[in-house]
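> First the structure, then my questions, so here it is.
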Amino acid sequence: MDEERELIQPQDQSCWATLPDVCLRRVFWWLGDRDRSRAALVCRKWNQMMYSADLWRYRTITFSGRPSRVHASEFESALWYVKKFGRYLEHLEIKFLNPYNTVLTKKFQVTMRGLLSCLGKSNNRLKSLSIQHLELDRLVWRNSIRSSFIKSLSFFLKKMGKHLDYLNLKGARLTVEQGCHVLNSLSYLRNESLASELNIEDYFSHHLAVYSSPQFHNTMGTFRNLAALTLNYNCISDELLENLCENNASTLWTINIKCHIHDPHGQVIWGMSWAKLARQATKLKVNFFFERVMKYERLARILLHEIPVRSISLRSCYFSDPDWSMRPTLTDLLPTFRHTLQKLTFEFNNNHESLDEELHLLVLSCRKLFYFKIWAFLDVKFVERILKSQQEGQCSLRTLKVRIYTNRYETNEEDRTLREIYRKYRKLIDSELNYFVIAYPMI
C-alpha cells in the first residue's frame, strides 16, 4: 500500500511544483507588479522567487502629468517599489509626462525626495539613471518646488555618483548655475566623475550661450571617462574640445550634437580644435542633428571639414523659405564628409526647387552610407534610381525610407508607380533593405 502511494503521489503533483528556477524566473519576468505579488502567495518557493534580483534590475517608473483617478496610485506604488526592491536596481528610468499644474509638480517633487532618499540608503548597484523631459523652466514648476527637486537630485548624485555609469537628464531645461550644480554632484569629494555616458541635450534652457560660461567649462573638466556625450551646439566651444582632448581622448567614441534654431549657434570654433580632438580620440565619431538650421552659411560655419562626422540630420519640418536653397549644402558642403558619412536624414520643404539629381549624386558619393531617410518634394522615379544604383553596386544602403511630398490631395498615381517599382525590385528590397516608401499630400 505504501509503495502504491509513493507511485501515485508524483503524478498528482502539479508540474509547476517541479518547474526549474530558470523557467519560473522567466514566468515572473513577464508578470506585472500586482500579478507578481499574487503569485508570491502561492508557496514558499514562489515567494523566494519574488525577491530574485534579476527581476528588479531594470525599472521604468512613469508618472502621469494629468489629474486622474486611474493614475492616483502611481506616486504611492513608486515609493512601495523602491522600499521593497530598490536594493536590486541597476537601471532606473523616470518619466513625468507633461505636468498639468503645480499640484502635480509638488506631488512629484515630494515623491522623488522620498524615492531618491530611500534609494540612496539601500542601493549600491545603480549604474544607469534617466530622468527626461522635466522642462523645469515651465511655469508649473514654482521656484520653491524646482529648488527642492534640484536639491534632492544633487544630494542623491553625491551619494551614487561613484556607481553611475550612465546619466540622462535630457530636457531638464535648467539655468547654467543650476545645471552645473547638479553635474558637479557626480564628482563630489573626488573632483572627477567616471561616468562613461552623459546626455545633456536640452539640459539647459533655450537661448543660453552656455559655451561662454567658465562654470560650465570647469564642470565638464571633471569628467574623465566619457565614451558618449550628447549635448546642444550652444555648449560647444574650443575650451570644451580642449577639455575632452585632455581628459577623455582615450575613451571618447561618440559625440551627439543638436543644433536648434532658437539656441545660440553663432560662436566661432576653430577647425584646429576639432582636428586635435580627432587625432587624440582616434575612434571618435560625431553625429549632428539640425532643427530648422538649414541655411548654407550657418551650416558651413558649424560643419568644419576637420570633424569626423558619422551622421547628419537636417530637419526643417514644414517650414518653407523661398529665399533658401538646399542645393549648395547638397553639392558643396556634405560631400566634404563622403569618406565618413554613414547616416543621412533629411526632412525639408523644397517645393520651390527640384533636388532629385543632387540627392542621388550625394548618395553615390558617400561610399559608407548605409542609412538614408528623406522626406521632401521628389519625383517618384527618384526611388527607382536609388534602387537601380543599389542593384548595380554603386551604393550599399541597408535602410531606405522615403516620404514623397505632393501638392495634390490624391496620390493614386504615385502609389501605383511605387507599387510597380516595388514589384520590379522586390528581390533586392526583400534581401538587402529595410524599405519604407510612401507618397504624402502636403496640403
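The values are calculated or read from the model by the stated rules, or taken from the named source; none is laboratory data. These figures come from a predicted structure and were not determined experimentally. In this analysis, Cβ positions are derived from the backbone assuming ideal geometry, glycine residues included, and neighbour counts consider all displayed protein chains. Calculation scope for accessible area: heavy atoms of the full protein, side chains included, ligands and nucleic acids excluded. Shrake-Rupley method; radii C 1.70, N 1.55, O 1.52, S 1.80 Å.
> Nothing charged except the Cβ atoms of Lys and Arg (+1) and of Asp and Glu (-1): what's the magnitude of the dipole of the chain about its Cα centre? Round to the nearest 20 debye. Please report the intermediate quantities before stating the final value.
Numbers: 63 positive and 47 negative charges, 232 e Å.
Computed about the Cα centre, the dipole is about 1120 debye.
> Taking the chain as the reference, fit the longest principal axis to its C-alpha atoms, fit the long axis of helix 271-280 to the helix C-alpha atoms, and give the angle between the two in degrees, 0 to 90, nearest 10.
50 degrees
> How many Å³ per residue does the convex hull of the Cα positions in the chain occupy?
Value for the chain: 227 Å³ per residue.
> Next question, about the same structure. List the trypsin sites (Lys or Arg not before Pro) in the range 172-266 that DSSP assigns to loop (not H, G, I, E or B) and whose Cβ has at most 12 other Cβ atoms within 10 Å. Which are they?
Details: sites: 173, 190, 224, 258; in loops: 173, 190, 224.
In loop regions of the range 172-266 (DSSP not H, G, I, E or B), the sparsely surrounded trypsin sites (Lys or Arg not before Pro) are 190.
> Angle, helix 381-391 long axis vs. longest principal axis of the chain, Cα atoms, 0 to 90°, nearest 10?
Its long axis makes an angle of about 70 degrees.
> Given springs between every Cα pair under 10 Å in a Gaussian network model of the chain, which of 249, 53, 376 has the largest fluctuation?
So, out of 249, 53, 376, the one fluctuating most is 53.
> Then there is this: Extending each Cα 7 Å along its Cβ direction at residue 158 and residue 275, get the distance between those two points in nm, one decimal.
4.5 nm
> Another one. Taking the simple approach of a point 7 Å from Cα along Cα-to-Cβ for both residue 379 and residue 191, what is their distance in nm?
6.6 nm
> With each run of n ≥ 4 DSSP H residues scored as -39500 (n - 2.57), what mean residue ellipticity at 222 nm is computed for the chain after dividing by its residue count and rounding to the nearest 500 deg cm²/dmol? Can you show the working numbers first?
Working: 16 runs with 170 residues, N = 443.
Calculated mean residue ellipticity at 222 nm is -11500 deg cm²/dmol.
> At R0 = 25 Å, how high is the FRET efficiency between residue 298 and residue 364 if r is their beta carbon distance? Nearest 0.05 is fine. Before the final figure, lay out the partial values.
Values: r = 26 Å, r/R0 = 1.05.
Given R0 = 25 Å and the Cβ-Cβ separation, E is 0.45.
> Probe radius 1.4 Å, ligands and nucleic acids left out: which of 35, 202 has the largest accessible area, and how do the rest follow?
Values: 35 75, 202 25 Å².
Sorted by accessible area, descending: 35, 202.
> Considering the chain as a Gaussian network with a 10 Å cut-off on Cα pairs, which listed residue, 144, 273, 365, attains the greatest mean-square fluctuation?
144
> Sticking with this one: Just to verify a number: what accessible area does residue 57 come out at with the full protein assembly present, 1.4 Å probe, Å² rounded to tens?
Here the residue's solvent-accessible area equals roughly 80 Å².
> Heavy atoms of the protein only, probe of 1.4 Å, neighbouring chains included. What is the accessible area of residue 51 in Å², nearest 10?
Counting only protein heavy atoms, the figure is 80 Å².
> Have a look at 83, 424, 162 and tell me which one the Gaussian network model of the chain (Cα, springs below 10 Å) gives the largest fluctuation.
Maximum fluctuation in the GNM of the chain, among the listed residues, is at 424.
> Also, I was wondering about something else. Given 264, 174, 389, which one lies farthest toward the positive end of the charge dipole of the chain, if we put +1 on the Cβ of every Lys and Arg and -1 on the Cβ of every Asp and Glu?
174
> Right, next: For Cα pairs less than 8 Å apart in space and 6+ apart in sequence, what is the mean separation divided by the residue count of the range 10-168, i.e. the relative contact order in percent?
20 percent
> Counting each pair of different Cα atoms once, what's the Kirkwood radius of the range 14-55 in Å, rounded to one decimal?
10.2 Å
> Right, another one. Positive end of the charge dipole of the chain (Lys, Arg +1 and Asp, Glu -1 on Cβ, about the Cα centre): tell me which of 188, 255, 442 has its Cα farthest that way.
The listed residue farthest towards the positive side: 188.
> Ok, one more. Tell me the carbon and sulfur percent of the accessible area for the chain, rounded to whole percent, probe radius 1.4 Å.
Summing carbon and sulfur atoms, their accessible area is 50 percent of the total for the chain.
> A further question follows. Obtain the nm distance between the two label points defined at residue 423 and residue 35 by a simple spin-label model: each point lies 7 Å from its Cα along the Cα-to-C-beta direction.
4.5 nm
> Right, here's the next one. Can you give the angle from 0 to 90° between the axis of helix 74-85 and the longest principal axis of the chain, with both taken from C-alpha atoms, to the nearest 10?
60 degrees
> Continuing with this model, one more query. Would you mind getting me the FRET efficiency between residue 388 and residue 76? Use the beta-carbon distance for r and R0 = 51 Å, nearest 0.05. Show your work: numbers first, answer last.
Details: r = 60 Å, r/R0 = 1.18.
Rounded to the nearest 0.05, the efficiency is 0.25.
> Measuring from the lowest to the highest alpha carbon on each principal axis, how far does the range 314-389 reach, largest first, in angstroms?
32, 26, 18
> Compute the accessible area per residue over the chain, keeping the other protein chains in place, probe 1.4 Å, unit Å². Mind dumping the intermediate values first?
Details: 22480 Å² over 443 residues.
Each residue of the chain exposes 51 Å² on average to a 1.4 Å probe.
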